[in-house]
Amino acid sequence: MTDATLTPEAAQADAEKFVERFAAIRDEVCRLIVGQPEVVEHVLMAMACQGHVLLEGVPGLGKTTLVTSMAKAVRVDYGRVQFTPDLLPADIVGSMILVERDGEKRLEFQRGPVFTNLLLADEINRATPKTQSALLETMQERSVTVAGTTTQLDRPFFVLATQNPIESDGTYPLPEAQLDRFMFKLRVPSPTEEQLATILDRTGGLAPPEIGPVATGDDLIEMSRIVRQVPIEDSVKRHITRFVHRTHPETDGAPANVRRFVRHGASPRAAQAMLAASRCRALLDGRYHVSRDDIDSVAAASLRHRMILSFEGEAEGIDPDALVHEIAGSLR
Amino acid sequence: MTEQAPKPNNAGASVREAVDAARRIVNRRLLVRSLAIACTAVGAAACVAAASFAIAGTGVPLIVYAVAVVLLAGTTAALWLACRRDETRVAATIDDKFALRDGVRTAVAFESASDVGGYETLQTHWTRDRLCEIDASKLVAPPRGRLLASAIALPVIAMLLGFAPESEAVKRERAQRADTIALAEELNKGIKDMVEEELASADEEEAEHLDPDEVRELVDKLEASSEEAELLRQYAEMEQELASKAASLDAASLEGLLAEAAAQLSSSPESADLGEALSQQNLEQAARELDEFKLKAEVSEEALDRKRAELKKLASLAKRLAEAARKHDARGSRASSTSTNSDSRQATSSANGDQARDGRVSEGDAVDREMDEAERLAQQIRELEEAVREAEESLGKCSNGQCTSSDLDRLARSSRNANDSLQRMSDSLRRSSARRSAQSRLSRMASMLSRSQSAVAGQRQSPFAGGQQAGQGSSDRQRDGQEREDGQGTELAAGAKSSGPSQTSIEEADSGDGVSGLRGSATTADFARQFESFIERPDVPAEVKDGVKLYLENIHRSPESDEGDDSKEDGSDA
């Protein structure tokens, strides 16, 4: 989608502004978060593209800290919901309650914690599927419908969810429809020894680093607009479609391991996510066009939760990232 | 070979122009590279081909190099067409080679687009800035190292191998093949001329036996081959055909009857000339002599004495001929019983094959035909004898003075009958003369083919190689190189008179043990040659060989030997 009225000077100014804002937020967050620049960058890219992120990692890696730091750096409303098995959908989206006002009793909609700009869904896989499904409309339509009344959420709206990949007792794996709504699924790595020492230095003192606001919600919306204007050449765009197409085992040209270990491939939302993220990557790289390298660099984060492994794949412990890399190799 | 790097960021130069300039450079390099690869591949193939010719001792034919050049051009063109790059591929190559992250291909597409925005403009500027820093000559490396060395060395080696000389064996073989072709052409022409001469000199009755169209068709089948084996096969095949044809005209039974008649007639002075003609097998003369025995005197009372004398002479002739016919019949019945036994033995053979069966049928037809001729002649002799007997009876009545007009009429009728019988006999003799002449012609043709085979095999000189025709001796005029009278061969080699080698030795032979008779020796030689050539053929089954051997022995058995056999049998009976 090309804006023919946009002058080169204005485009250059937009691109510079994007990179400047992005770098400012990233640098601010990284004052507290140590050793996870890629995770931070991907979270920011998702926010710049108005996408949601699923953070996966063992407890104590700073997932919650990352999200709270992000909320502070962007200066947006922040809400946190600790997902538990007894959590109900109404506890998230809100409910109609009986209110007596001026001697008159009536039902009023009591907003839930989802009415915020940045929602931290902590340990999202501990809630029941019914409760998890309460987020479907919220994440895709950015609206809430209760008792037949639809209420739009404030913009921007992001869901940053976390889940623990180790514990399985009392957890409910996210359904495919829910997973598909996350733009990225990021794996939070354990810090190295050096990084751990740095973490101790930063957080063990009397005054840990304070995260201050360096951007606003409107800045994120503006960044989203800028990203969408980055052009992409047709043959490069075809690289995205071929990439997503080859995640399907029944497709001609799909690698052998994909045919063997994948039950369902990625959805069109994956292609949309890859396009938006690769545009963002191109701007961050100082370019005004998307390259296949940009696409490949965001492919794993965009596809790893959208490729449903077969029983054999699960039994063999196949890593979807390896399949993504295999597909990328087959396209070169 | 260094190429000047394009300056895509020249003032006003677009990305597409820069890519186009790079494309030309890339495609030129690819053309050179394709040529080098094709030189290597075709050069290697040419080396192998040339080496194989050189090892075989034959010179490398020019066609090898012509094919190599065509292959080189074709391979170069095919390789270049397959790997040459258009604008899109060159843009991708530049992106990959200089890590421009699909910038060039994107810029090319944006420059081709109708509506572009600020980002597209920025992108093309960004790409142009990068393009000015690249060296397009690095996109495709020129051929060097092993590829360049092999592309030069292999064709050179192939060309050097072309100077390898032919081996002596190959030269000899080539000369031999040329000689064989020349000899084959000479032989074929000579055979054709000889056959045409024979056919042209044959009269109408002989031509019926010769079947000139079939003979000419056999001659037309002859081809001048460089392979001796092929030539031998052709000549042997044609010789076999002609020999078979001549054999089909053989009439041993009739010959036996005529020989018997000659023996009987020679003992009488009145018929000695006829007997002599028959013994010399001059059947034409014999027919004329037979005509002399016709009753010429008028049937009248005044000419009875002359009639009686003619009739006496004719009666003597008829008697002797009848005696000869009876003897021949008696011998023929014994021969037929022997032949029947032979046929029955052959019939019991299990693996005779089609060819042998066909040959037996053909020979059987010939035997039947000649038996018919002999039977016919014997019948005519019996008719003559009957007519003479009637005439003698009629004349006997007239001699008693009781010669009535009816007796005279009867005498005249019987005289006509006797003359008719004589006429039929002389006609038979003339037909036999024509058949024998045709058989001789076919035998001569077959003999010529036999000599041609010997010439091809190197056992003797070509039967058509120079020299005078039969009956023409050399003369001083011809030896001096003057033109021949018959116009054949305008120049003859001149030589010094009496200076050539002379035949001075005389072969010694035991006296008294030779067989005289030119025709007999020729027949024996012809029989031996046919016999050996057939018997020695590896594709003929042993049973057929035995049958043919027996058959040939039977048909060539001389009357003397038969008589000897008869006397032996008589003796044994006694």
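No lab work stands behind these numbers, since they all come straight from the coordinates. Model, not experiment: these values are computed from the prediction. Reconstructed Cβ throughout: ideal geometry from the backbone, glycine too, with neighbour counts over all protein chains shown.
To the nearest 0.05, what FRET efficiency results for B:GLU237 and B:ALA309 with a Förster distance of 51 Å applied to their C-beta separation?
So, using R0 = 51 Å, E works out to roughly 0.30.
Using +1 at the Cβ of each Lys and Arg and -1 at the Cβ of each Asp and Glu in the stretch A:53-119, identify which of A:LEU119, A:SER69, A:LEU54 lies farthest towards the dipole's positive end.
A:SER69
Ratio of the stretch B:11-103's C-alpha Rg to 2.2 N^0.38 Å, to two decimals?
1.59
Along the Cα-to-Cβ line of B:ALA207, 7 Å from the Cα, sits a label point; which residues in the stretch B:413-452 have backbone N less than 17 Å from it?
What the label zone holds, given the 17 Å backbone N cut-off, is B:434-435, B:437-439, B:441-442.
Beta carbons within 10 angstrom, averaged per residue: use that to sort the peptides A:155-161, B:537-543, B:217-223, B:188-194, highest first.
Sorting A:155-161, B:537-543, B:217-223, B:188-194 by mean packing, highest first, produces A:155-161, B:188-194, B:217-223, B:537-543.
Checking a compactness column here: for the stretch A:1-143, what do you get for Rg(Cα) / (2.2 N^0.38 Å), N being the number of residues?
Against the empirical 2.2 N^0.38 Å value, I get 1.33 for the stretch A:1-143.
What's the center-to-center distance, using Cα atoms, between the stretch A:81-136 and the stretch B:170-199 in Å?
Result: 116 Å between the Cα centres.
Nearest 500 deg cm²/dmol is fine: what mean residue ellipticity at 222 nm does chain A get from its DSSP H runs of n ≥ 4 alone, each adding -39,500 (n - 2.57), divided by its residue count?
It comes out at -14500 deg cm²/dmol, rounded to the nearest 500.
Listing A:ASP218, A:ASP77 from the residue with the fewest other Cβ atoms within 10 Å to the one with the most, what is the order?
Fewest-to-most Cβ neighbours within 10 Å comes out as A:ASP218, A:ASP77.
In nm, what is the difference between 0.36 nm times the number of residues separating B:LYS549 and B:ARG537 and their Cα-Cα distance?
Going from the current span to full extension adds 3.0 nm.
If the viscosity is 1.306 mPa s and the temperature 10 °C, what Stokes-Einstein diffusion coefficient in µm²/s follows for chain A when Rh is the Kirkwood radius over Cα pairs? Can you show the working numbers first?
Numbers: Rh = 21.2 Å.
For the chosen part, D equals 75 µm²/s.
In peptide A:289-302, how many Cβ atoms from other protein chains are near each Cβ within 10 Å, on average?
Values: counts 15, 4, 8, 4, 3, 2, 1, 0, 0, 0, 0, 0, 0, 0.
For this peptide, the per-residue mean of nearby foreign Cβ atoms is 3.
May I ask you to list, by number, the DSSP H helices of chain A whose Cα span along the axis is at least 20 Å and whose average Kyte-Doolittle hydropathy reaches 0.0 or more?
Length and hydropathy pass: A:268-284.
Taking chain A as a Gaussian network, Cα atoms linked when under 10 Å apart, which of A:PRO191, A:PRO320, A:PRO89 shows the biggest mean-square fluctuation?
A:PRO191
Sort A:LYS63, A:LYS105 by Cβ crowding within 10 Å, fewest neighbours at the top. If you can, show how the numbers build up before the last one.
Numbers: A:LYS63 26, A:LYS105 9.
Final ranking by Cβ density, sparse to dense: A:LYS105, A:LYS63.
Over what distance in Å are the Cα centres of the stretch A:249-304 and the stretch B:409-435 separated?
When both Cα centres are located, 120 Å separates them.
Of A:GLU137, A:GLU210, A:GLU28, how do they rank once you tally other Cβ atoms within 10 Å and put the fewest first? Intermediate values should be presented prior to the final figure.
On the way: A:GLU137 17, A:GLU210 8, A:GLU28 21.
Sorted ascending by nearby Cβ count, the order is A:GLU210, A:GLU137, A:GLU28.
Beyond a 24 Å Cα-Cα separation, which of these cross-linked pairs lie in this structure: B:LYS313/B:LYS397; B:LYS307/B:LYS397; B:LYS294/B:LYS397; B:LYS189/B:LYS545; B:LYS192/B:LYS245; B:LYS189/B:LYS221?
In this structure, B:LYS189/B:LYS545 exceed 24 Å between Cα atoms.
Using unit Cβ charges (K, R positive; D, E negative) and no other charged atoms, how large, in debye to the nearest 20, is the dipole of the stretch A:68-151 about its Cα centre?
I would put it at about 200 debye.
Let me spell out the model: positive unit charges on the Cβ of Lys and Arg, negative unit charges on the Cβ of Asp and Glu, origin at the Cα centre of chain A. What dipole size does that give, in debye rounded to 20? Walk me through the numbers on the way to the answer.
Numbers: 37 positive and 47 negative charges, 114 e Å.
It comes to approximately 540 debye.
Show the residues, 5+ positions off or on another chain, whose built amide H is closer than 5 Å to the amide H of A:LEU118.
A:ASP77, A:TYR78, A:GLY79, A:PHE158
Just add up the charged neighbours of B:SER34: K/R +1, D/E -1, any other residue whose Cβ is under 11 Å from the Cβ of B:SER34.
Residues close to B:SER34 contribute a combined charge of +4.
Mind checking the log10 I(q)/I(0) for the stretch A:1-60 at q = 0.25, 0.26 Å⁻¹? Debye, one equal scatterer per Cα, no solvent, two decimals.
Values returned for q = 0.25, 0.26 Å⁻¹ are -1.09, -1.13.
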